[in-house]
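Single-structure report; data block below.
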């Protein structure tokens with residue numbers, strides 16, 4: 001009977017060791033899954049911020065569509081329309097204009113001023 005009792009304690013010790021190993025392995029797996037879930041949550045949070053900003057921009061654009069100023073801007077910028085009496089300028093070599101200072105620009109604009117006479 002004494003031999004049976006020793007085996008029983010050994011079996012119990014082996015069972016506890018296996019359960020402890022299984023617990024540790026499960027904790028390692030859960031920890032890795034938790035890290036992955038946190039990274040995914042952070043990526044989704046960034047995407048949510050981006051989509052929210054884009055939605056806000058689109059709502060502002062939607063509010064302005066159809067207004068007189070929107071139609072006028074679209075006609076001027078997309079189709080080149082001008083009001084009666086206005087003159088439209090198209091710059092062919094814009095890179096040549098980069099070397100002028102603000103004062104030089106003002107002189108050029110003053111020379112180009114046209115009062116309609």
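Look at segment 92-108: where a residue is at negative phi and in a loop (DSSP other than H, G, I, E, B) and a partner is surrounded by 10 or more Cβ atoms within 10 Å (Cβ to Cβ) and at pLDDT 80 or above, sitting 6+ places away or on another chain with Cβ atoms under 8 Å, you get 100/108.
Search segment 82-109 for residues being more than 35 Å from the chain's Cα centre (by Cα) and surrounded by 10 or more Cβ atoms within 10 Å (Cβ to Cβ), and hand back the single one that is nearest to residue 72 (Cα to Cα). If we take residues in segment 82-109 being more than 35 Å from the chain's Cα centre (by Cα) and surrounded by 10 or more Cβ atoms within 10 Å (Cβ to Cβ), then 82 is nearest to residue 72 (Cα to Cα).
The values are calculated or read from the model by the stated rules, or taken from the named source; none is laboratory data. The shown structure was predicted, so the numbers you read here are calculated from the model rather than taken from an experiment. Neighbour counts run over all protein chains shown; Cβ positions are idealised from the backbone, glycine included.
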